[in-house]
Amino acid sequence: MAGPDDDELLDAIAALWEKLDPPPDDLAEGVLARIETNDLDAELLTLVEWDKELSGVRSVAMLRAPDEVGTWSLEYLGPGFRVQLRISRSQRQARLDGWVVPAQPMTVFLTSMGAKPTTDETQVGESGRFEFPVTPTGACRLTFVSDPSSTRPLVTPPFWI
């Protein structure tokens, strides 16, 4: 009488673990974001709140409807501060408004991650507010620099505009 072979046993064990203790839905995205920042010599801000339609680099809704209009929000946690973002799109025009809480002086860089990357720069105001009135569309990330002599800037994981 022949029993199951090793491959069948391993498949059965994998199915059991998938049922009893499935991995978190965002595990692969989180691991890829952390691996990507290993080469940056930067500290990754943690995404703590988002509108699901816009937060992922490969947002299916945005790929299917790149002309989608509306307003979306993201919130990141950094060391000693939070960053709140509001992204607005109307037709092919996009805008990003942000707030650093508590307010602190910082330079903010918005970098597009497309075939021809671009970088725009702005300052955080006394109220903690910053803005990019015209932004690129597609995958982007923000970099925050509070001390120009610091070797570890703070960056967001990529997000979709």
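Just so it is clear, none of the values below were taken in a lab; they were calculated from the coordinates. What you are looking at is a predicted structure, and each value in this text was computed from that prediction instead of being measured. Here Cβ is always computed from backbone atoms with ideal geometry, including for glycine, and neighbour counts include all displayed protein chains.
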Quiz item: Where in the stretch 73-161 are there GluC sites (Glu not before Pro) that are in a DSSP coil and have at most 15 other Cβ atoms within 10 angstrom of their Cβ?
Solution: 126
Practice problem: Would you mind checking the stretch 122-161 for residues with the amide N under 16 Å from a putative spin-label position 7 Å along Cα→C-beta of residue 48? | Solution: 155-157
Quiz item: Residue-wise, which Karplus ³J(HN,Hα) couplings in Hz belong to the stretch 43-50, taking 6.51 cos²θ - 1.76 cosθ + 1.60, θ = phi - 60°, and x for glycine or proline?
Solution: 9, 8, 6, 9, 6, 10, 8, 7
